[in-house]
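Taking it in order: structure first as structure tokens, then the write-up.
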Amino acid sequence: MVGTAASASFAVGRVLAPRADPERFDPWVEVDGNALGQNVREIRRLSGSRPILAVVKNNAYGLGLTTAAPLIDGQDAIAGFAVVKPDQAIALRDAGVTKPILLMGYVPEAVGPELMHREIEFAPFSEGVDAMYAALSRQFGRPVPVHLYIDTGMARLGMPAHRALPWVVALTSQPEIAIRGMFTTFTEDADFDDDQLARFTALASQARAMEIDLGYLHAASSHGVFFRPNALLDMVRPGLLLYGAYPSGAKETGRANLRPALRLKARVVRVEQLAAGESVSYGRNYVASKPTWIATLPVGHADGYPRRAVEGCEVLIDDRVYPVIGAVSASHTILELGDDPSVSVGDVATLIGPDHPAIHPNAISERAGVSVYDVLMHLSSALPRWVV
Ligand SMILES: *Cc1c(COP(=O)(O)O)cnc(C)c1O
């Protein structure tokens, strides 16, 4: 429908969360609204009460974009949301989110009207965007809201800082553009972040010396909120922390009490006893040394549970954790119950969540040797999400 939305009326429909299914064995994701609220309060405390631009890209790090964002939209600490793809921005607005939405990614010209129609903020990073903005402004009768994206050394997106000043001057003098902010991204390299910050603040000072209003300056993602107190600027831009996981090394500082805001769950579909010498799954990686009970869960790496979970992860059933054995296959995971006969078909298993230290996303990350971002973001978007 690209290009036609401008003439359609701007109707926003709230997407209702599906209800929990007590009969379901296949995996699902539970989203914990209280945990999200606690994490927002912790970020606010860590960042000296700066406004929070909540990063909800990549399906809100596994929680479900349209499930998670509406849960925090109403909180005063949340100044707005940030995404990286036009589809995400559109879905977020259509899910009923009312706060500003910043699209930190490339905008193909054809999508511009759809985004303007939904009052999405753009993040320009190249010369030649002014013509598109002028056309959009004419079409909609209002200026295009933007946060100027500056590259201070990440070399991913952003206008390179060394040639940004004339570009900033030109854009800010265009009446078709409303500057809401200016931002950059750190490389999270201990020695280099300060250089990046210096480049960014130098640019901001030069622009401000010319009486240019740049709006909110922002740079700190989750890592910055913990480790770059000099870079909190006017606004912070965390993703990971919102969802209750820690950037590497941050958990050990004991400076925050975050709570994982999702649970990956499924029900046990099979319980069997192996005889000594019998093996488990592809590759026969596990061989029982004595008679051993095992349980099968209908969740695997195609659902987003890491393949490498077999290298030391455990799964919670009731109040006990059981090791993952054999191999995580596309749709199944097998647990060693040992001589514990208490697990039955239909029991609920939690593979990721806040309820035991062994299943915390950071524990999964460490034990499986995968990034904590992958633990969350690789959860299949096809899994149903329920708010609890
Ligand atoms: C993903 C992203 C963030 C959030 O990063 P976290 O490490 O999850 O806090 C912030 N800014 C930009 C530009 C991003 O792409």
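A compact table of results
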| quantity | calculated |
| --- | --- |
| Residue of Val31, Val269, Val328 that the Gaussian network model of the chain assigns the largest fluctuation, springs spanning Cα pairs under 10 Å | Val269 |
| Glu119/Glu23 FRET efficiency (R0 35 Å; Cβ-Cβ; nearest 0.05) | 0.30 |
| Residue order, fewest to most beta carbons within 10 Å, for Phe125, Phe81, Phe140 | Phe140, Phe125, Phe81 |
| Extended-chain gain in nm, criterion 0.36 nm per residue less alpha-carbon gap, Asn285 and Ala358 | 24.1 nm |
| Degrees, to the nearest 10: 33-46 long Cα axis against longest axis of the chain | 50 |
| Angstrom value of the Kirkwood radius, inverse mean 1/r, which spans all Cα pairs in the chain | 22.6 |
| Amide hydrogen neighbours beyond the local backbone of Ile101, cut-off 5 Å, H modeled | Phe81, Glu121 |
| Chain lengthening between Ser248 and Val269 when straightened (0.36 nm per residue, less Cα-Cα) | 4.0 nm |
| Using θ = phi - 60° and Karplus 6.51 cos²θ - 1.76 cosθ + 1.60, couplings along the stretch 375-381 (whole Hz; Gly, Pro as x) | 4, 7, 6, 8, 4, 4, 6 |
| The stretch 184-334: Cα Rg divided by the 2.2 N^0.38 Å rule of thumb | 1.60 |
| Gain in span if fully extended, Ser205 to Asp189, counting 0.36 nm per residue against the direct Cα distance | 3.4 nm |
| Taking the chain and dividing mean pair separation by its residue count, relative contact order in percent (alpha carbons under 8 Å, at least six apart) | 19 |
| Cβ-Cβ FRET estimate between Asp319 and Asp76, R0 fixed at 30 Å, reported to 0.05 | 0.20 |
| Burial ordering of Met210, Met182, fewest other beta-carbon atoms within 10 Å first | Met210, Met182 |
| Anchor Lys57: aspartates and glutamates whose Cα lies under 17 Å away (excluding residues fewer than 8 positions away in-chain) | Asp73, Asp87, Asp94, Glu121, Asp374 |
| Cβ-based exposure ranking for Thr187, Thr98, Thr296, Thr67, in which fewest neighbours within 10 Å come first | Thr98, Thr187, Thr296, Thr67 |
| Label-to-label distance, nm, for residues given as Ser126 and Ser342 (7 Å Cα→Cβ offset) | 6.0 |
| Nonlocal amide H pairs with Leu274, under 5 Å, H built at 1.01 Å | Thr292, Trp293, Ile294 |
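Every number here is computed from the coordinates shown, using simple stated rules; none is lab data. No experiment lies behind these values; they were computed from the predicted model shown. A quick note on method: Cβ atoms are made from the backbone with ideal geometry, for glycine too, and the neighbour counts reach across all protein chains shown.
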